[in-house]
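Q: Structure provided below as structure tokens; questions to follow.
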Amino acid sequence: MKIKKTYSYALWSAIYLTLLAVVIATISYIFIAKDLGTGPVLICVLVLFIISFTVIQYRAEHFIYRRLKKIYEDVSILDVNDLRRESVTTDIDKLSKRMQTYVEGKGLEIKSLTERDSFRRDFLGNVAHELKTPLFTVQGYILTLLEGAVNDKNIRLKYLERANKGVERLVAVTKDLDMIAKLETDGLKLNMAVSNILEIIQNVIDLLEMKAKKRNIILKFDRIYEFPVFVLGDVEKIEQVLINLVVNAIKYGKPNGTTILAVDDYNSKKILIRVIDNGEGIKPVHVPRLFERFYRADQSRSREQGGSGLGLSIVKHIIEAHHQKVLLKSVFGEGSEFSFTMEKAT
């Protein structure tokens, strides 16, 4: 059993007091009580030492106990019932360790809250900007029409088409915001089923073929697949992932270029679906943040191409909900390859 630290304090205090008493007793003996002998003086010294030690120990322990009790009552993580008076000095060590853990935890909590607050401000700023731009565009065209341009057929049609593009942009941003909010709050509910990934890819190619033709981009498989490739996942969500990645490849791919879709073995239990473009590629400085919400490697070009800025973030959420991972390879000036793994169906 550890010796109480207050004992050391009380011991040395008692020794100092006793030495002082010895000096006083010696002086008293020399000048006053020579006839009594040394016996009574030694007895008085011993009694004084014992009394001093007991009083000092009690006072020190009581003093520390009261202050520890106040700390236990004030700090939410501490239970005052855990404090024992008979082991109060041992509790100081325990308290010190617990307070250190508490302070470290609060430090991490403060850091997390600071980062979240910063992220919240950035997020709100990005949302406001993404909504403000198309809103002002639509408002500007409508006001121009109301002020008399509606009477000119050519201007009317042109401005209505541009206003419609602004509305489409608003709808896209709102839908993606709604999806990302559901992904991050309620979690993603997956309808797991076995499906042929080649069919899903072909559906996406057919769906986006007209969009790709506007930029003279060819969408195609890397080779002819003789047999189906079955995977386990949510068909609708995987299709959404592929749509986002292919749309991204069309936007940033080289005009008159090619976007290739490939399916390969990743390991014995997983396959790798790849979307490869021969566009301008991504600078290495942008790669670590590319899947963040609203992050754009090229701000001016991104806004020109449209979109919500949430596509890759949604991709990451969906794939992680499947307990899979998203991969990115890019060489600036040559092109990019976005890929993700899927579990093989057994």
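Q: May I ask you to list the residues in the range 269-289 that are among the small types (G, A, S) and touching a Lys or Arg at 6+ places or on another chain (Cβ under 8 Å)?
A: Initial filter on the range 269-289 (among the small types (G, A, S)): 279, 281.
Across the range 269-289, the qualifying residue is only G279.
Q: Here is a check on your reading of the model: is K283 modelled with pLDDT under 90 and within 31 Å of the chain's Cα centre (by Cα)?
A: So K283 fits the description; yes.
Q: Restricting the search to the range 236-261, which residues are within 19 Å of H322 (Cβ to Cβ) and more than 28 Å from the chain's Cα centre (by Cα)?
A: Result: L261, single match.
Q: Look at the range 255-277 and say how many of its residues are surrounded by fewer than 17 Cβ atoms within 10 Å (Cβ to Cβ) and part of a loop (DSSP other than H, G, I, E, B).
A: Matching residues across the range 255-277 total 5.
Q: Hey, another quick one. Are there any pairs with C-beta distances below 6 angstrom linking a residue in the range 120-147 that is part of a helix (DSSP H, G or I) to a residue that is at pLDDT below 80, with the two at least 6 apart or on different chains, and if so which?
A: The qualifying pairs are N126/F294; E130/V173; P134/R169.
Q: Only residues in the range 227-240 that are closer than 19 Å to D264 by Cα count as the first member; pair them with residues that are charged (D, E, K, R), Cβ under 8 angstrom, at least 6 apart or cross-chain, and list the lot.
A: Final answer for the pair search is P228/E199; F230/K344; V231/E343; V231/K344; L232/E343; L232/K344; G233/E343.
The values are calculated or read from the model by the stated rules, or taken from the named source; none is laboratory data. Only a predicted model underlies this, so the values are computations on that prediction, with no experimental measurement involved. Cβ: placed from backbone, ideal geometry, glycine included. Neighbour counts: every protein chain shown.
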